[in-house]
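See structure below.
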Amino acid sequence: MEKDRLAELRAQIDEIDQKLIELLNQRTQCVIEIGQIKTREEGSERVSAFRPEREAQILQQIRDLNEGPLSDAQVELLFREVISMSISFQQPISVAYLGPVGTYSHSATIKQFGRSTTVRPQPSIHDVFNQVETDSVNYGVVPVENSTEGAVNQTLDCFIDSNLKVCAEVNLPIHHALMAQKGVETDSIQKVYSHEQSLAQCRNWLREHLADVPTQAVASNSEAARLSSLEDNTAAIAGELAADQYQLNLLYTNIEDQASNATRFFVLGKQDVSPSGSDKTSLLVNTPNRSGALVEVLSPFQRHGISLSRVVTRPARSGNWSYVFFIDFDGHAQEESVATVLEEVRSVAYDLKILGSYPRAFDN
């Protein structure tokens, strides 16, 4: 009886797989035709095939249709790859990110753009900005804030001098794993490599499981994995992508002390993004050096009932104890209420730059 049922289920899977292939190819053919229509309509002015607002709407619709047992996050992951493949049929996309290979920035890039995209690791956040500004790549992915470490100041400072736009945001849960060469057991580990922040974020776990093993901070978690792949009886703390990259075994996963740790990333580009229905906007505001300047900037948001999600202060380039404020809030710049607030802020600010309006990232 069980064997008969097993054979029946396998036959159903084979039939479903056949339908999936047929439907995926039908979907791809629609994408190809859309690309051909766009080419005829746009002529020499080629518009990017990457449409963050359209992707957000598709993914929200898919989540609404999902009845399980797949989770919403798993469904999103599957369809991100389908969308990535579809974009590749219309237009090759290249993306720069803060390297090296195997970093969390790399993971965030794959999460947003899928694996059908050309990715190019860069040595610094400034280099990511430069790659997009010079059209060496189409987009860039940079970290902007961490839930435990706070704002990434280098990213914020780069925005001060850049005209790039924020096209999308990516929220990436940060899960650390202990990895080592094949055959290495926990009791044979003589050194653990990782970035200093990751070592700090796994301090309690290390104290409990590897109390007598010395740790060494290195430039990145990816570098830690690379070193461990070359040195016997060592381990690395890094993301699981680094284990794949350097062919290391995962000894333990999710060893971070705070399970809620996450990093937010911005997708950099040159395009304005249309409203998706659930959006955020980021601003850079330069205020006069006078008492109450920040209150004047923030008051319009309160008066019009617009929720602020982040306010970060950075020194202005001009010095003289002047500051710029990075502000994130709910809504899109094209909405009437938001446009009214922006006009009121402009009236009291020395300078205001809209970094971008973009779809709100899904909470996984």
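The values are calculated or read from the model by the stated rules, or taken from the named source; none is laboratory data. Here the structure is a predicted model, which is why all the values come from computation and not from measurement. A quick note on method: Cβ atoms are made from the backbone with ideal geometry, for glycine too, and the neighbour counts reach across all protein chains shown. In case anyone asks, the SASA skips ligands and DNA or RNA and just uses the protein heavy atoms, side chains included. Shrake-Rupley method; radii C 1.70, N 1.55, O 1.52, S 1.80 Å.
Listed values, structure above:
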item: All Cα pairs of the range 111-156, percent lying beyond 14 Å; result: 56 percent
item: For the range 195-252, fraction of C-alpha pairs farther apart than 14 Å, in %; result: 51 percent
item: Chymotrypsin sites (Phe, Trp or Tyr not before Pro) restricted to the range 185-258 and DSSP loop, no more than 10 other C-beta within 10 Å; result: none
item: From the C-alpha gyration tensor of the range 25-175, square roots of 5λ in Å; result: 27, 22, 13
item: Sequence-separation-based contact order of the range 31-185, relative, with Cα cut under 8 Å and 6+ spacing, percent; result: 19 percent
item: Percent of beta bridges antiparallel (DSSP, the chain, rounded to nearest 5); result: 75 percent
item: Greater than 28 Å apart at Cα, pairs in LYS111/LYS270; LYS19/LYS280; LYS38/LYS353; result: LYS19/LYS280; LYS38/LYS353
item: Signed unit charges on C-beta, dipole axis of the chain, positive-most listed residue PRO52, ALA316, HIS209; result: ALA316
item: Net charge dipole size for the range 309-359 [Lys, Arg +1 and Asp, Glu -1 on Cβ; Debye, nearest 20]; result: 400 debye
item: Gain on full stretching of the segment that runs from ASP257 to ILE37 - 0.36 nm per residue minus C-alpha separation; result: 74.1 nm
item: Debye log10 I(q)/I(0) at q = 0.13, 0.14, 0.16, 0.18 Å⁻¹ for the range 140-280, Cα point scatterers; result: -0.63, -0.70, -0.84, -0.98
item: Estimated FRET transfer efficiency when R0 is 41 angstrom, pair GLN12-GLU208 (beta carbons, to 0.05); result: 0.35
item: Listed residue (PRO69, VAL184, GLN26) projecting farthest to the positive dipole end of the chain, Cβ model; result: GLN26
item: CD proxy at 222 nm, helix term only [per DSSP H run n ≥ 4: -39500 (n - 2.57); per residue of the chain; nearest 500]; result: -13500 deg cm²/dmol
item: Entry for log10 I(q)/I(0) by the Debye sum over Cα atoms at q = 0.06, 0.07, 0.12 Å⁻¹ (calculated from the structure that is shown) out of [x] -0.28, -0.38, -1.03; [y] -0.34, -0.44, -0.96; [z] -0.24, -0.33, -0.96; result: [x]
item: Sparse-neighbourhood loop sites, trypsin sites (Lys or Arg not before Pro) in the range 160-263 - DSSP loop, at most 15 other Cβ within 10 angstrom; result: LYS182
item: Simple Cβ-charge dipole of the chain, Lys/Arg +1 and Asp/Glu -1, about Cα centre, in debye nearest 20; result: 700 debye
item: ³J(HN,Hα), Karplus 6.51/-1.76/1.60, whole Hz, each residue of the range 255-269, x for Gly, Pro; result: 9, 5, 6, 10, 5, 8, 4, 8, 10, 9, 10, 9, 9, 8, x
item: The chain: most fluctuating residue of PRO123, PRO100, PRO69 per GNM, C-alpha cutoff 10 Å; result: PRO69
item: Given charges at Cβ of Lys, Arg, Asp, Glu: the chain dipole, positive-most of LEU172, SER307, HIS126; result: HIS126
item: Kirkwood-Stokes translational diffusion coefficient of the range 263-322, alpha-carbon pairs, 10 °C, 1.306 mPa s, µm²/s; result: 110 µm²/s
item: When the convex hull of its Cα atoms is projected in every direction, mean area for the range 269-364 (nm²); result: 6.9 nm²
item: Simple spin-label estimate for ASN289 and SER309 in nanometres, 7 Å along Cα-Cβ; result: 3.3 nm
item: Built amide H within the under 5 Å cut-off of GLN216, gap 5+; result: VAL192, TYR193, SER194
item: Long-range Cα-Cα pairs in the range 57-110 (distance over 19 Å), rounded percent; result: 45 percent
item: Of the GluC sites (Glu not before Pro) in the range 94-167, those whose Cβ has at most 15 other Cβ within 10 Å and which sit in DSSP loop; result: GLU149
item: Reciprocal of mean inverse Cα separation for the range 1-99 (Kirkwood radius, Å); result: 16.3 Å
item: Placed amide H near GLY356: partners under 5 Å, 5+ positions off or other chain; result: VAL166, SER282
item: Order of exposure, largest accessible area first, which applies to SER48, SER222, SER337 with probe 1.4 Å; result: SER337, SER48, SER222
item: Rounded FRET efficiency, nearest 0.05, which uses the C-beta distance separating ARG5 from ASP135 and R0 of 56 Å; result: 0.45
